[in-house]
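Enquirer: Handing you a structure now.
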Amino acid sequence: YLYDTEGNLTNFLLINIDNTETTNAFSRIQEFEGLFSLVGRFARVGYAHFDLETQTGFATGSWYENLGEPQDKPLVEIVGHYGQLHPEDRTAVLEFFRALRQGDADHFNRTVRVRRPDGGYNWTSVNTVVSRSERLAITSVNYDVTELKRTEQSLIRARDVARRSDRLKSAFLANMSHEIRTPLNAIVGFSTLLADTEDARERREYAGIVEQNSALLLQLISDILDLSKIEAGTMEFSYGEVNAGALCTEIVESMRLRNPQGVTLSLAEGLSECHFLGDRARITQVLTNFITNAQKFTEQGYIRLGYAVREDDTVRFYVEDTGIGIEAERQEEIFNRFIKLDSFKQGTGLGLPICKNLVERMGGSIGVDSRRGEGSCFWFTLPYRNGLLEAPEERESPPPASYLTPDD
């Protein structure tokens, strides 16, 4: 409205401005901000700018999320505080801000750990640049690298396992070469002597040595074949009625001839009648391996084989001895492949891992109770299926023990 000097309305002044360019520019900015926020949310990339002198700035939602902070929290309560960071990383960030104010730092680049609500930590890469043109300010970009870190750690574990497996296999091949060559040399050598000697006593002695080493060589080859079947997934099981008492009696009678002097091999006392559905051949294989190991490491005392039906509907077989025993920290290790507690004892380090696989495939569990110098008790349990006509469902073969790590 336009008025004269006396206050009377004399005219109207109309002004219009074309703000198309301004509106379009504002729309493009809004569109860009929306697109940046969308990309940042999916890529987990955050952006922030903060004026350290005026204590003002702005940040995207992803930036807050990557630092474990709520989006409605003022930036001034986050920058310079970073309460959700791991104490070591928080110390490094605060040291950067101290150096920044003294003019000794222009950028910060570090992967930090951010506390999750469940108490664990995510990984966030933080890259911050300092601007000193007009006022002291920082521009920060961060992005969540948790999945990359997990992948990196998985690759490191896989690399370490592969290296360990390579070392174990190399040691296994060297050990296997020695183990096979030893009985072969004995068989060849004493077979030649057997053909040349006429003394009956010497012939019996040489024949016994040849027989003993032939049995050892056969066991080595059997272990290798069983290992191949396990890795190929072709291990077969044949289920039928098993008389536990008769089975254990047969094993004890057949193994007594190999028993070292000064050691007695017997059945446990008070064993009850026990019939169940199982694979007789595989159970025999496991118990025979237990007794063979006990005979290797027991110089005096006894080796005792027994079984018992437990309240949880399982039958527990065990072989206890008065041998040298096993340290507590190595009791789990002996069920891994290629592990030998005594390098001077014959064997490939495959027997117990094969037994573990067989028992688990039959639906049972295996273990050892032992104390160094006091003896050991190797045991395994199987489902007690008395009177069932159908064979139990086999469990899937577990990965080779030598390829596993404690985290697995």
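Enquirer: Inverting the mean 1/r over all pairs of different Cα atoms, compute the Kirkwood radius of the stretch 98-166 and quote it in Å.
Expert: Values: mean 1/r = 0.0674 Å⁻¹.
By the Kirkwood definition, the hydrodynamic radius is 14.8 Å.
Enquirer: Shape call for the stretch 20-144 from the C-alpha gyration tensor, a ≥ b ≥ c root eigenvalues: rounded (a/c under 1.5), prolate (a/b greater than b/c) or oblate?
Expert: Since a/c reaches 1.5 but b/c is at least a/b, the shape of the stretch 20-144 is classed as oblate.
Enquirer: In degrees from 0 to 90, rounded to the nearest 10, what is the angle of the helix 244-255 Cα long axis to the longest principal axis of the chain?
Expert: Tilt of helix 244-255: around 70 degrees.
Enquirer: So if R0 is 35 Å, what FRET efficiency would GLU253 and ARG159 give, r being the distance between their Cβ atoms, rounded to the nearest 0.05?
Expert: 0.10
Enquirer: Can I ask one more? What label, among [x] 79, 25, 20; [y] 47, 25, 18; [z] 32, 26, 19, belongs to semi-axes √(5λ) of the Cα gyration tensor in Å computed from the structure on display?
Expert: [x]
Enquirer: Okay, next question. Across bins of 5 angstrom width beginning at 0, how are the C-alpha pair distances of the stretch 151-232 distributed, in whole percent?
Expert: Pairs per bin, as whole percents: 3, 13, 14, 15, 13, 10, 9, 7, 5, 4, 3, 2, 1, 1, 0.
Enquirer: Right, next: So how tilted is helix 87-101 from the main axis of the chain? Cα-based, degrees 0 to 90, rounded to 10.
Expert: Once rounded, one gets 30 degrees.
Enquirer: Taking only Cα atoms, what is the 0 to 90° angle, nearest 10, from helix 280-297's long axis to the longest principal axis of the chain?
Expert: The answer is roughly 80 degrees.
Enquirer: Got the relative contact order for the chain handy, in percent, Cα pairs under 8 Å and 6 or more residues apart?
Expert: RCO, the chain: 10 percent.
Enquirer: For the stretch 48-115, just say rounded, prolate or oblate: build the C-alpha gyration tensor, square-root its eigenvalues into a ≥ b ≥ c, call rounded for a/c under 1.5, and beyond that prolate if a/b exceeds b/c, oblate if not.
Expert: Verdict is oblate for the stretch 48-115.
Enquirer: OK, next. Once you sort the root eigenvalues of the Cα gyration tensor of the stretch 171-278 as a ≥ b ≥ c, which label holds: rounded (a/c under 1.5), prolate (a/b larger than b/c) or oblate (the other case)?
Expert: oblate
Enquirer: Quick one: Kirkwood hydrodynamic radius for the stretch 101-246, alpha-carbon pairs, angstrom, one decimal?
Expert: Taking the inverse mean of 1/r over all distinct Cα pairs, the stretch 101-246 comes out at 23.2 Å.
Enquirer: Cβ neighbours within 10 Å, averaged per peptide: list 52-59, 212-219 in order, most packed at the top.
Expert: The peptides rank, most packed first, as 212-219, 52-59.
Enquirer: Here is a further query. Which order do LYS169, LYS356 fall in if you start with the one that has the fewest other Cβ atoms within 10 Å?
Expert: LYS169, LYS356
Enquirer: Student exercise: in the chain, how many lysine pairs 8 or more apart or on different chains have Cα atoms under 25 Å apart?
Expert: Lysine pairs, 8 or more places apart or on different chains, close enough: 12.
Every number here is computed from the coordinates shown, using simple stated rules; none is lab data. Keep in mind that this is a model prediction, so the values were computed, not measured. Don't worry about glycine lacking a Cβ; one is built from the backbone with ideal geometry, like all the others, and counts go over all protein chains shown.
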